[in-house]
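One structure is given here, and the rest of the page talks about it.
The values are calculated or read from the model by the stated rules, or taken from the named source; none is laboratory data. Predicted, not measured: the structure shown is a model, and the values here were computed from it. Quick reminder, even Gly has a Cβ in these numbers, built from the backbone with ideal geometry, and neighbours come from all protein chains shown. Accessible surface is based on the protein model in full, side chains and every heavy atom, while ligands, DNA and RNA are left aside. Shrake-Rupley method; radii C 1.70, N 1.55, O 1.52, S 1.80 Å.
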Amino acid sequence: MTDRVIHIVASPYKTATSSVGDALIRLGVGTRDMGYKPRVQRAIKPLLKPLNAEADAATDLRAWMSGNAARVRETLVPVIEAMAPYDVFSDAPCGHAHIHPAIHKILHPAARLIWVDRDEESWVASVRNWEITHPDVYKQHHLWDENPDLRRKRILARRAQRRGRFARTAELFPDDMLTVPMADLDSYAPLCRFYGVAIPDEGFPRANVSRKA
């Protein structure tokens, strides 16, 4: 366990997560973003999957966290080690929504987490474009042509589950977790209010923006 303050953009891909990570560094809140690490993602996925499922199934999330904290930390030593050089996480595997927020709070009790809430139609369109233009990463990209309704249903169900995880954990840590509409990220104001810092005299950054994003 570490008490260092880290910053996790914990909403799914195509929700301005890279831009928020960039903004946190420009604000001086964080110093180094881990970015996308596919090898780390593949290595830690088998460790995370059962623990995420346990946290999802817990009827009392606070009690589950307390009763399983030592085991979670011991199991996820590789995650802690991978995260150690960084303090901002805006992409997979330690950003986005791959790790249950309650597990993040076990590993780093001082962690602050941000969920960017993008409107459904805009998000689905952006995900579709992103997946079909990155077929090597998204193995189900073909469903956008073969069965788009099924692919839409699947990604929306996953997003709803991840949003539920975030909201449930936020009830336990309301001061450490922010939900912000993506439409409000035309300025730094929401982040500055959350962190208690001055609004800079510059436009909000836009990073990793794809066509139709």
Problem - the chain: antiparallel DSSP beta bridges as a percent of all, rounded to 5 - result: 0
Fill in the blank from the handout: Here the stretch 172-186 yields Karplus 3J(HN,Hα) values (6.51, -1.76, 1.60; θ = phi - 60°; whole Hz; Gly and Pro given as x) of 8, 9, x, 7, 9, 9, 10, 10, 10, x, 4, 4, 7, 8, 8
Handout entry: Charged-residue dipole, Cβ positions (Lys, Arg, Asp, Glu), the stretch 7-195 about Cα centre, Debye nearest 20
Key = 460
Handout entry: Length added when fully stretched, Ala189-Asp56, from 0.36 nm per residue minus Cα-Cα
Key = 44.6 nm
Problem - Cα-projected label distance for Ala167 with Glu146, points at 7 Å along beta-carbon direction, nm - result: 3.3
Handout entry: Cross-link partners of Lys153 among lysines (Cα-Cα below 23 Å; sequence separation of 8 or more within a chain)
Key = Lys14, Lys49, Lys139, Lys212
Exercise for the section: On a C-alpha basis, how far is the centre of the stretch 90-116 from the centre of the stretch 4-71 in Å? Whole number, if you could? Expected result: 2
Handout entry: Longest exposed-site-free window of the chain, the sites being GluC sites (Glu not before Pro) in a DSSP loop that have at most 14 other C-beta atoms within 10 Å
Key = 1-170
Practice task
As a check on your grasp of the helix formula, calculate [θ] at 222 nm for the chain: sum -39500 (n - 2.57) over DSSP H runs of n ≥ 4, divide by the residue count, round to the nearest 500.
Solution key: -15500 deg cm²/dmol
Practice task
List every residue whose amide H lies under 5 Å from the amide H of Trp115, counting only residues 5 or more places away in sequence or on a different chain, with H placed 1.01 Å from N in the peptide plane.
Solution key: Ala10, Leu178, Thr179, Val180
Fill in the blank from the handout: For Arg4 and Arg26, extending 7 Å from Cα along the Cα-Cβ vector and measuring point to point gives, in nm, a value of 2.5
Fill in the blank from the handout: Mean Cβ-within-10 Å packing, highest first, puts peptides 63-72, 182-191 in the order 182-191, 63-72
Completion exercise
Per the 1/(1 + (r/R0)^6) rule, R0 = 30 Å and r from the Cβ atoms of Ala160 and Glu202, FRET efficiency to 0.05 is 0.30
Exercise for the section: For the stretch 107-153, run through the trypsin sites (Lys or Arg not before Pro) and keep only the ones in DSSP coil with at most 14 other Cβ atoms within 10 Å of their Cβ. Expected result: Lys139
Practice task
List every residue whose amide H lies under 5 Å from the amide H of His7, counting only residues 5 or more places away in sequence or on a different chain, with H placed 1.01 Å from N in the peptide plane.
Solution key: Val88, Phe89, Arg112
Problem - With every protein chain in place, the chain: carbon and sulfur % of accessible area (1.4 Å) - result: 51
Exercise for the section: Give me the accessible area per residue for the chain, probe 1.4 Å, as a whole number in Å². Expected result: 50
